[in-house]
Amino acid sequence: MNKMPEIVLFLLAKIKKLTLHFKKKKKMKEIMMVYYMEAKSARISGRKIAWITSGGPVEPLIAMDVIPVYPENHGAMIGASKMGTDLCEKAESMGYSSDLCSYARSDIACATVDGGPIGGLPRPDMLICCNNICGTVLKWYEVQARYFNVPLFIFDTPFCHVGYAEEVQRYVRRQLDEYVLFLEKACGKKMDTDHLKTVGKLSLEGQRLWQAVLATTANSPAPMTAFDAFYHLALIVTLRGTPLVIDYYTQLLEKMKDRVARGIGAIPNERYRLLWDNIPIWPRTRWLSEKLASHNACLVADTYTSAWCGTTKYIDENNFFDSMAEAYTRIYLNIGVDEMARTVLDMVDTYKVDGIVMHSNRSCKPYSLGQYDIQKIVERERGIPCLMIEADMVDERSFSESQVSTRIDAFMEIIKQRKGA
Amino acid sequence: MKEWDEFYEILKDPISYGRKMKGQGRKVVGYFCSYTPEEIIYAAGAHPFRVFASGENIHFADAHFQSYCCSLVRGALEGALAGNLDFLGGAVFPHTCDSIQRLSDIWRMNVKGPFHADIVLPVKLDTESAKEYMIDVLKKFRNELASHLRVEITDNKLKNAIDTFNTIRGSLKRLYELKTENPGIIGGSDLYAVVKASMMMDRDHLTGVLPVVIHELEKKKETAKLYAGKRIVLAGGVCNHPDIYRIIEEAGAVVVWDDFCTGSRYFEESVNNNTDPIAAIATRYLERPVCPAKHSGIFTRGENLLKITREKDARGVVFFFLKFCDPHAFDYPYMKEFLDKEGIPSMMFEVEDQLPSEGQMRTRFETFVDMI
């Protein structure tokens with residue numbers, strides 16, 4: 001092995017020191033910073049990098065010591081830092097239609113210019129695409145497979161319009177074996193199945209903790225809002241299966257329980273409780289949160305962040321690997337609109353909400369097409385109003401502040417009248 | 001020739017034709033996609049009928065689909081909710097893109113036809129396990145349909161159906177080839193009418209009609225002068241606009257082939273009838289030119305388009321897309337680049353429900369045709 005240059009050794013030591021330091025403090029920002037530093041220095045430390053979709057099976061990667069990197073998480077960061085519109089325009093100049101997903105457009109453009117808030121993602125050694133969230137990721141990862149010229153593994157999770165069929169289970173289960181073989185080839189080493197079991201246990205524990213954190217908002221006043229959940233979500237998405245997640249959410253859960261015990265709400269005067277549907281409008285989360293708070297309305301729960309803990313019922317603690325097939329196939333976006341509506345109704349009851357804010361997201365067809373039907377079902381079954389906001393998760397050109405503001409005011413008027421303000 | 005009148009009659013009023021089929025006691029099964037195993041529907045004694053967007057103003061479907069959903073999906077639902085598709089005894093939804101996926105849900109929840117089948121095909125078509133899964137879902141569809149219609153779909157019936165559809169596909173391909181050999185012998189919109197009507201017409205009747213059309217064109221070919229227009233290829237998804245052929249021809253070009261699911265992707269590759277029929281139908285789907293919503297390698301579609309362009313001696317390609325069709329829009333930049341590298345000019349034309357004004361289209365096509 002070549003002797004590493006001193007500067008590299010120095011940097012690695014620095015990162016390690018920082019990691020240890022932040023592991024004690026466990027602040028989200030620092031954890032994510034270390035995570036991206038590790039990923040960006042993977043070339044030096046000799047670790048492999050896989051780009052993976054947000055709903056993809058990450059546990060085998062963790063078990064193989066591959067660093068998972070999430071273009072969708074990156075897309076959210078780009079959106080939140082308001083750098084999305086420029087990158088989307090760049091993608092359009094490359095020939096991609098402005099009607100395409102803005103995560104995909106941002107990422108495709110970003111890869112060619114190393115732009116965005118962290119100067120681009122580290123180059124992948126392999127791409128793992130799981131289509132349980134959409135068909136868009138398939139096309140997006142094909143684009144990146146051509147651009148980076150690296151192997152692409154497609155983990156195909158057939159859509160479950162009604163129920164879960166046995167032929168689907170057979171097919172997805174077989175692909176888990178193919179996935180492991182793919183990783184073994186890409187990494188040049190065998191999978192340590194014992195380690196994978198440990199990672200599986202940690203993943204499940206992390207998901208349960210995340211569920212417990214989200215469940216604290218069933219209390220009134222809610223100790224945190226969905227906007228907080230959008231922030232704390234990063235870990236269950238990116239580092240699921242590592243002990244870091246357990247530590248972080250354990251502390252967060254304690255903090256939330258403490259707030260509940262002391263009756264501290266996330267917003268000063270919670271009078272109205274709302275449910276959020278769809279991916280956040282990343283560039284406008286702060287504005288929206290302040291806007292709702294000005295009406296004493298709290299977004300107490302959402303269908304988005306709960307998607308990362310919605311299938312624990314299908315996971316077998318003692319046989320994580322086999323049960324992954326079902327858990328990854330039956331996630332929220334891979335089921336029929338009627339089943340999604342039932343999930344929403346359950347959340348309406350659990351979180352005792354007065355209304356729903358639906359983000360009709362131009363970028364995300366599987367999430368948005370069907371919202372009108374869900375809206376009608378909720379209004380019929382629970383008699384609560386639903387507000388539909390037309391926007392986009394990253395591309396600010398699809399957001400009209402004055403229009404959304406007026407609609408929120410009108411919506412809140414209805415809620416106030418219904419509740420007898 | 002009366003055969004032409006028949007094709008045009010169906011195109012002009014597909015609803016009446018569907019109702020007529022129903023009136024004759026046939027179970028009409030609607031579908032939206034070239035991955036529908038028509039052979040199985042036919043073997044069950046039912047009539048496969050491809051549903052296109054009505055082209056009318058969207059009214060009912062607006063209550064279910066946002067404006068950023070493609071006109072094919074919104075238009076199909078519109079037809080059903082408006083009651084135009086009351087002749088359907090069922091609908092089949094092979095899984096392709098995100099919008100069709102949600103169309104199936106919304107159809108099931110709101111149209112509530114007597115029979116609703118999802119054929120959740122694999123998204124990748126290039127692995128052994130995907131092939132086995134493809135066979136599984138086709139078998140499942142066979143059982144579901146048989147039990148709904150209370151018929152037995154025997155292997156013999158399937159083999160007979162495969163023969164019928166191989167014949168139809170072979171005839172349509174022959175028509176395309178005749179046009180390629182001498183584009184002057186049949187207008188683009190006439191050929192379009194034949195292919196589109198073939199997806200709705202009684203198939204037993206169709207197998208008798210197509211050879212007559214072929215014979216007529218073969219005779220014409222011998223005497224016709226070779227057409228001098230510039231040869232181009234169309235590429236995209238569904239084409240529901242026969243007018244574009246006329247406008248292209250008036251601009252001095254002629255369409256010699258396409259990569260449409262309402263065109264060559266519908267008839268390319270026949271089913272091997274010397275093996276298990278379901279496995280053979282599955283194999284055809286794995287091998288025929290792929291829809292962009294499916295995966296079969298990362299360069300396959302670009303290579304196929306280049307191959308078509310070279311084989312048909314075309315001088316340019318027109319990408320013809322439905323607005324909001326994500327799979328095609330994602331593939332466009334790389335496919336265009338493939339063509340650019342080979343010095344093949346191309347243009348992209350995107351349509352929503354209605355075509356843009358004729359003047360505008362004419363200018364764009366004329367500019368393109370001058371360039372190639």
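Taken together, the values in this text are just the output of simple stated rules run on the coordinates, not laboratory data. Everything numeric in this text was worked out from a predicted model, so none of it was measured. Note: ideal-geometry Cβ built from the backbone for every residue, glycine included; neighbour counts use all protein chains shown.
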Could you work out the relative contact order of chain A, using alpha carbon pairs under 8 angstrom and six or more residues apart, expressed as a whole percent? 18
Prolate/oblate/rounded label for the range A:6-192 (Cα gyration tensor, a/c 1.5): oblate
With runs of 4+ DSSP H residues as the only contributors, calculate the mean residue ellipticity of chain A at 222 nm using -39,500 (n - 2.57) per run, divided by the residue total and rounded to the nearest 500. -17500 deg cm²/dmol
Sequence ranges A:157-165, B:185-193, ranked by mean other-Cβ count within 10 angstrom, highest first: B:185-193, A:157-165
Ordered by packing density, taken as the mean number of other Cβ atoms within 10 Å over each peptide's residues, highest first, how do A:257-270, B:306-319, B:3-16, B:247-260 rank? B:247-260, B:306-319, B:3-16, A:257-270
Each residue of the range B:199-209 in turn: what ³J(HN,Hα) in whole Hz from Karplus with 6.51, -1.76, 1.60 and θ = phi - 60°, glycine and Pro shown as x? 7, 10, 6, 3, 5, 5, 5, 4, 5, x, 6
For chain B, set up a Gaussian network in which alpha carbons nearer than 10 Å are linked by springs, and say which option among B:Leu77, B:Leu88, B:Leu103 fluctuates the most. B:Leu103
So, by mean Cβ neighbours within 10 angstrom, what's the order for A:99-108, A:205-214 with the highest one leading? A:99-108, A:205-214
Expressed as a whole-number percentage, the relative contact order of chain B with C-alpha contacts under 8 angstrom and at least six residues apart is 18
Cut-off under 5 Å, modelled amide H: who pairs with A:Gly120 long-range: A:Gly115
Among B:Pro242, B:Pro211, B:Pro356, which one moves the most in a GNM of chain B with springs linking Cα atoms closer than 10 Å? B:Pro356
For the pair A:Ser294 and A:Thr250, what calculated FRET efficiency results from E = 1/(1 + (r/R0)^6), where r is the Cβ-Cβ distance and R0 = 30 Å, to the nearest 0.05? 0.35
For a quick check: sort A:Ser360, A:Ser294 by the number of other beta carbons within 10 angstrom, fewest at the front. A:Ser294, A:Ser360
Starting at the first residue of the range B:308-315, write each ³J(HN,Hα) from the Karplus equation 6.51 cos²θ - 1.76 cosθ + 1.60 with θ = phi - 60°, in whole Hz, x for Gly and Pro. 4, 4, 5, 4, 8, 6, 8, 9
On a 0 to 90° scale, report how tilted helix A:226-238 is relative to the longest principal axis of chain A, with both axes built from alpha carbons and the result rounded to the nearest 10. 20
Using amide H atoms built 1.01 Å from N in the peptide plane, name the residues 5+ places from A:Ile389, or on other chains, whose amide H lies under 5 Å from its own. A:Met358, A:His359, A:Ser360
Going by alpha carbons, how many degrees (0 to 90, nearest 10) lie between the helix axis of A:71-80 and the longest principal axis of chain A? 50
Row for chain B, column shape: gyration tensor on C-alpha, a ≥ b ≥ c, rounded if a/c < 1.5 i.e. under 1.5, prolate if a/b over b/c, else oblate; value rounded
Ordered by residue, what ³J(HN,Hα) values in Hz, to whole numbers, does the range B:53-70 give under the Karplus form 6.51 cos²θ - 1.76 cosθ + 1.60, where θ = phi - 60° and Gly and Pro are x? 4, 5, x, 7, 5, 7, 10, 5, 5, 4, 7, 10, 10, 5, 5, 8, 9, 5
For A:175-187, mean number of other protein chain Cβ atoms within 10 Å: 1
Expected integer from the mean partner chain Cβ neighbour count at 10 Å over B:327-336 is 5
Provide a whole-number value for the mean count of partner chain Cβ atoms within 10 Å of the Cβ atoms in peptide A:90-98. 3
If amide hydrogens are placed 1.01 Å from N in the peptide plane, which non-local residues have theirs closer than 5 Å to the one on B:Ala91? B:Gly30, B:Phe115, B:His116, B:Ala117
Quick one: Cα centre-to-centre distance for the range B:127-199 and the range A:79-150, in angstrom? 37
Please identify, among A:Thr250, A:Thr217, A:Thr238, the residue showing maximal mean-square fluctuation in a Gaussian network model of chain A using a 10 angstrom Cα cutoff. A:Thr250
Rule-of-thumb Rg ratio for the range A:220-271 [Cα; 2.2 N^0.38 Å; N residues]: 1.26
